Number of protein chains: 2
Amino acid sequence: MDTRRDFLQKLSLGIGATALTDLPASARELYSGPKADKQLRVALMGLGSYATRVAEAMKDCKMATLVGAVSGTPSKLETWKQKYNIPEKNTYNYETVGKIKDNPDIDIVYVTTPNSLHHKHVLQIAAAGKHVICEKPVADNAKQTREMIAACKKAGVKFYIGYRMHFEPHTRELIRMREAGELGKIMHVNNYMGFKSGDPNQWRLKKALAGGGAMMDVGIYALNGARYATGEEPIWVTAQETKTDPVKFKEVDETIMFQLGFPSGIMASCGTTYAFNNYERLYVVGEKGFVELSPAFGYGPIKGRTHLGPMNQPVVTHQTLQMDGIADIILNNKPDPNVTGEEGLKDMIVVDAVYESIRKGGAKIMLAGK
Amino acid sequence: MDTRRDFLQKLSLGIGATALTDLPASARELYSGPKADKQLRVALMGLGSYATRVAEAMKDCKMATLVGAVSGTPSKLETWKQKYNIPEKNTYNYETVGKIKDNPDIDIVYVTTPNSLHHKHVLQIAAAGKHVICEKPVADNAKQTREMIAACKKAGVKFYIGYRMHFEPHTRELIRMREAGELGKIMHVNNYMGFKSGDPNQWRLKKALAGGGAMMDVGIYALNGARYATGEEPIWVTAQETKTDPVKFKEVDETIMFQLGFPSGIMASCGTTYAFNNYERLYVVGEKGFVELSPAFGYGPIKGRTHLGPMNQPVVTHQTLQMDGIADIILNNKPDPNVTGEEGLKDMIVVDAVYESIRKGGAKIMLAGK
């Protein structure tokens with residue numbers, strides 16, 4: 001049995017977490033201790049509500065420090081300078097952001113702008129020679145994602161996607177159990193993620209900014225989850241769509257079900273929505289057992305159970321673990337838990353196929369060669 | 001708050017059950033009390049393991065009595081005469097069963113023979129002028145089901161399907177909540193039912209006897225559940241199939257996912273399998289709340305929770321409630337909770353469409369006019 005200290009060390013090193021028998025505790029309580037000597041110096045680009053969530057979570061980080069900010073709104077930059085102690089010289093707007101190239105005090109930029117701007121912004125950051133984290137969904141489609149990967153490769157910078165679940169202890173335990181054979185041969189997955197979307201005027205409902213609707217925004221959790229729950233890459237996709245509120249969701253998709261076929265012959269049944277709540281779950285069943293996470297993908301706390309009983313993984317703010325995890329990969333050359341741009345591309349290929357299947361009346365889309 | 005006596009009376013009358021705060025108790029304990037004056041006199045046809053289950057459950061019935069048996073195996077009839085006190089004059093084989101017409105001591109025959117024999121046997125019983133209960137699935141397809149309904153109509157006998165869940169307290173409470181608007185507008189359904197099939201030589205894996213595989217046998221629970229969870233009839237179907245063990249499941253379907261579209265614009269995601277366990281759940285989510293039953297369709301105990309917390313419906317053997325419920329409908333002219341042959345037909349039309357969609361590579365099958 002690992003001690004809590006061992007466990008926290010593993011967490012901070014981005015290594016598979018071992019189940020603790022302790023009850024979940026708060027992030028601050030669990031995730032305390034001194035800062036590391038080496039720090040990954042992070043700038044956030046696009047200062048919306050998600051950037052604020054990341055900035056708050058980073059207060060607990062041991063290996064990553066918030067040092068810069070990029071925004072088109074001067075008042076936001078002012079607020080952030082005050083609130084997060086960011087020096088003037090580390091702030092940029094979208095016109096000046098190219099100059100970040102000459103700033104030796106910023107290592108990486110986390111792009112949290114609206115989805116459809118990711119492509120342009122990641123290309124800008126890569127051109128400036130900085131590493132990039134791009135919030136999911138990577139881009140509007142696989143084509144853009146390929147261009148982003150190529151640009152980062154050409155610039156010699158690292159490119160990660162904000163797939164925070166890969167750093168979350170219940171999710172890592174599920175992956176560990178699957179890899180260790182504790183579930184036996186995986187037989188089926190049933191994942192879904194959605195919520196009732198609020199403000200009808202938000203950018204997420206505008207195609208030009210969001211790229212798509214629920215599928216792009218949260219369906220991608222069910223999809224990415226099907227990949228890490230099976231450890232396989234899908235070979236075919238079918239999908240069905242409905243809109244119960246075609247006025248509100250005029251520009252983007254509201255509710256989609258999609259199905260995946262895998263090389264081993266198993267299938268996954270997935271769904272996503274912007275039209276109702278109480279719709280968040282990962283369920284993977286194998287010949288020897290199962291894991292159910294519900295909630296499975298939200299900001300937490302994640303709750304889980306297996307054929308053996310409740311999962312009691314620690315509750316640490318996902319973005320804290322994610323930012324420390326990425327720092328650990330970059331600074332200490334640790335293995336990447338499937339959060340590279342290439343992983344994002346694998347998802348975007350399937351997202352493209354989901355929309356293609358819907359356009360073709362639910363037709364089966366083969367993924368080979370896509 | 002109803003008293004337990006009120007509750008039991010409602011149960012015995014086939015009326016919607018009200019939640020008890022009592023912990024679940026055993027069937028015998030909960031379902032005690034005197035027999036009713038009037039009894040529905042039942043013969044079982046096809047003395048396999050399911051017939052035994054029904055016979056055992058009927059020991060607790062108040063309004064239904066096991067009085068007869070039909071089997072092609074003389075030794076089984078001997079055993080049943082002894083075990084269930086069945087008089088010689090109420091026993092038949094498949095050659096003599098037509099003579100049941102002249103037996104005034106049998107009111108109804110419950111057909112529990114293999115699926116593909118249901119059509120022939122229901123026609124025989126109808127021709128003998130006796131009411132019929134037919135175990136699900138009704139038949140091999142909708143065409144046979146229509147012939148069975150027509151035959152019963154012509155003979156002036158009642159025709160019910162062994163849809164025991166419609167008498168089960170958690171299921172009835174779900175239907176009551178939905179009808180009372182307590183879930184708000186229904187938005188989505190996610191149902192599945194399956195298990196790992198054992199003996200490779202059983203009749204359920206032979207197409208000539210089973211008609212089909214998991215879809216016919218247990219997928220029908222997910223399907224019927226989608227109909228009672230929404231209160232709507234599907235208008236389209238898509239489906240996907242896989243076989244992880246094509247040798248064992250050479251003749252019948254192993255694992256199928258199917259999706260339903262409903263007139264209100266909502267969709268249901270369903271699945272079924274013969275290849276793995278831990279796959280049994282009904283989940284219906286509305287604008288105001290949800291109901292999850294898991295296990296949802298097996299012989300019990302059914303477990304449920306809603307947005308308000310755990311469901312604590314009583315645990316009574318389903319077949320006891322079902323047989324008393326059908327007795328109550330027939331003897332006391334009580335409303336039928338959607339277990340008629342016409343309900344079976346609605347399911348079989350969808351089952352036909354599931355297989356059609358699979359044959360057509362997952363194509364969307366419109367149900368209008370089917």
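Quick grid of which residues meet (1) away from chain A (no Cβ under 11 Å); (2) assigned to a loop (DSSP other than H, G, I, E, B); (3) not basic (Lys, Arg):
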site: B:PRO234; (1), (2), (3): yes, yes, yes
site: B:VAL237; (1), (2), (3): no, no, yes
site: B:VAL247; (1), (2), (3): yes, yes, yes
site: B:LYS250; (1), (2), (3): yes, yes, no
site: B:ASP253; (1), (2), (3): yes, yes, yes
site: B:PHE276; (1), (2), (3): no, yes, yes
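Reported count of residues in region B:247-305, each being without any contact (Cβ under 8 Å) to a residue 40 or more places away in the chain and under 14 Å from B:LEU174 (Cβ atoms), is 4.
When you scan region B:276-283, do you find a residue that is over 19 Å from A:GLY286 (Cβ atoms) and crowded, with 18+ Cβ neighbours inside 10 Å, even just one?
Residues of region B:276-283 over 19 Å from A:GLY286 (Cβ atoms): B:282-283.
Right, trim to crowded, with 18+ Cβ neighbours inside 10 Å and you get B:282-283.
Yes: region B:276-283 contains one or more residues that are over 19 Å from A:GLY286 (Cβ atoms) and crowded, with 18+ Cβ neighbours inside 10 Å.
On inspection, B:LEU223 fails the criterion of being more than 10 Å from every other protein chain (Cβ to nearest Cβ), surrounded by fewer than 20 Cβ atoms within 10 Å (Cβ to Cβ) and touching a residue at least 60 places away in the same chain (Cβ under 8 Å). Of all the numbered requirements in (1) within 14 Å of chain B (Cβ to nearest Cβ); (2) in contact (Cβ under 8 Å) with a residue 60 or more places away in the chain; (3) more than 15 Å from the chain's Cα centre (by Cα), A:ALA214 misses one, and that requirement is (3). Is region A:325-341 home to any residue that is of a type in the set (Lys, Arg), crowded, with 17+ Cβ neighbours inside 10 Å and out of contact with any strand residue (DSSP E or B) (no Cβ under 7 Å at 6 or more places or on another chain)? No, region A:325-341 contains no residue that is of a type in the set (Lys, Arg), crowded, with 17+ Cβ neighbours inside 10 Å and out of contact with any strand residue (DSSP E or B) (no Cβ under 7 Å at 6 or more places or on another chain).
Does A:MET215 meet the test of being in a helix (DSSP H, G or I), touching a helix residue (DSSP H, G or I) at 6+ places or on another chain (Cβ under 7 Å) and not assigned by TED's automatic domain parsing to the domain that holds A:PRO137?
yes
Sort out which residues of region B:260-274 are more than 8 Å from chain A (Cβ to nearest Cβ), surrounded by fewer than 24 Cβ atoms within 10 Å (Cβ to Cβ) and either farther than 23 Å from B:GLY362 by Cα or in contact with a strand residue (DSSP E or B) (Cβ under 9 Å, 6 or more places away or on another chain) (or both), and write them in order of number. Matches in region B:260-274: B:PHE262 only.
Scanning region A:48-94 for residues that are within 18 Å of the chain's Cα centre (by Cα) and either of a type in the set (A, V, I, L, M, F, W, C) or farther than 20 Å from A:VAL132 by Cα (or both) yields a count of 7. Selection of first residues in region B:177-197 that are facing chain A (nearest Cβ under 10 Å) and under 14 Å from B:GLU232 (Cα atoms) and of second residues that are of a type in the set (S, T, N, Q) and surrounded by fewer than 22 Cβ atoms within 10 Å (Cβ to Cβ), restricted to Cβ pairs under 8 Å at least 6 apart or on distinct chains, gives the following pairs, ordered by first then second residue: B:LYS185/B:SER264; B:ILE186/B:SER264; B:MET187/A:THR244.
If the requirement is being of a type in the set (Lys, Arg) and closer than 17 Å to A:GLY46 by Cβ, which of these qualifies: A:LYS130, A:LYS89, A:LYS158, A:LYS101?
On the way: A:LYS89 fails: closer than 17 Å to A:GLY46 by Cβ; A:LYS158 fails: closer than 17 Å to A:GLY46 by Cβ; A:LYS101 fails: closer than 17 Å to A:GLY46 by Cβ.
Only one candidate passes the filter, namely A:LYS130.
For (1) closer than 25 Å to A:HIS188 by Cα; (2) out of contact with any Phe, Trp or Tyr (no Cβ under 9 Å at 6 or more places or on another chain), each residue gets a yes or a no:
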| site | (1), (2) |
| --- | --- |
| B:GLY261 | yes, no |
| B:GLY265 | no, yes |
| B:CYS270 | yes, no |
| B:PRO295 | yes, yes |
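The values are calculated or read from the model by the stated rules, or taken from the named source; none is laboratory data. What you see is a predicted model, and the numbers here were worked out from it, not measured in a lab. Cβ: placed from backbone, ideal geometry, glycine included. Neighbour counts: every protein chain shown.
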